Amino acid sequence: MFKKILFMFIVSLVFIAAVPKVYSQADDMSKVSYNIEGVFQCDWNGKYYVRQIGNEILWFGEDDSVSPLWSNVAHGTITGNTINLIWGDVPKGSIMQFGKLVIQINSNDNFTLISQEGDNFGSSVWNRITTQ
């Protein structure tokens, strides 16, 4: 009987350890000191719609909502006051480029480009225009 109970206990522990943790945005947000979710205007006459999930960043940017010359998406992570992103233009616009960006977060309302790899990314300064 003892062996059966011990076996069930061990199987239960293995099962608990094998089940992935349920994602909690609240847990992830507590690890990041910035909240840059919102809409930002860039210095290249475009708008960026930024979504932050913990330390993960997603964005969609375009220079015109009706007939854009460029439109792009990006995904990256926040570490300290730095965002590391990969980005790529999408076919809503006519420019089709891609690359990597390193961006410095100056505040929840402003960030600036530090460096880039790949194709030229025109924007270098972003300022919040609305708050989510």
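The values are calculated or read from the model by the stated rules, or taken from the named source; none is laboratory data. All values derive from a computational prediction rather than experimental measurement. All Cβ positions, glycine included, derive from the backbone under ideal geometry; neighbour counts span all protein chains shown.
Among the listed residues N81, N45, N72, N35, which satisfies the condition of being among the polar types (S, T, N, Q), surrounded by fewer than 20 Cβ atoms within 10 Å (Cβ to Cβ) and touching an Asp or Glu at 6+ places or on another chain (Cβ under 6 Å)?
Going through N81, N45, N72, N35 in turn, the sole match is N45.
Restricting to region 82-125, give me the number of residues that are touching a Cys at 6+ places or on another chain (Cβ under 9 Å) and closer than 22 Å to Q52 by Cβ.
3
Residues that are of a type in the set (S, T, Y), more than 11 Å from the chain's Cα centre (by Cα) and part of a loop (DSSP other than H, G, I, E, B): does region 63-76 have at least one?
Among the residues of region 63-76, at least one is of a type in the set (S, T, Y), more than 11 Å from the chain's Cα centre (by Cα) and part of a loop (DSSP other than H, G, I, E, B), which makes the answer yes.
Would you confirm, using the coordinates I've provided, whether G88 is modelled with pLDDT of 95 or more, on the phi > 0 side of the Ramachandran plot and touching a strand residue (DSSP E or B) at 6+ places or on another chain (Cβ under 9 Å)?
Judged against the criteria, G88 is not a match.
Of all residues in region 113-126, which are exposed (fewer than 14 other Cβ atoms within 10 Å of the Cβ) and assigned to a strand (DSSP E or B)?
Passing the criteria: I114, S115, E117, G118.
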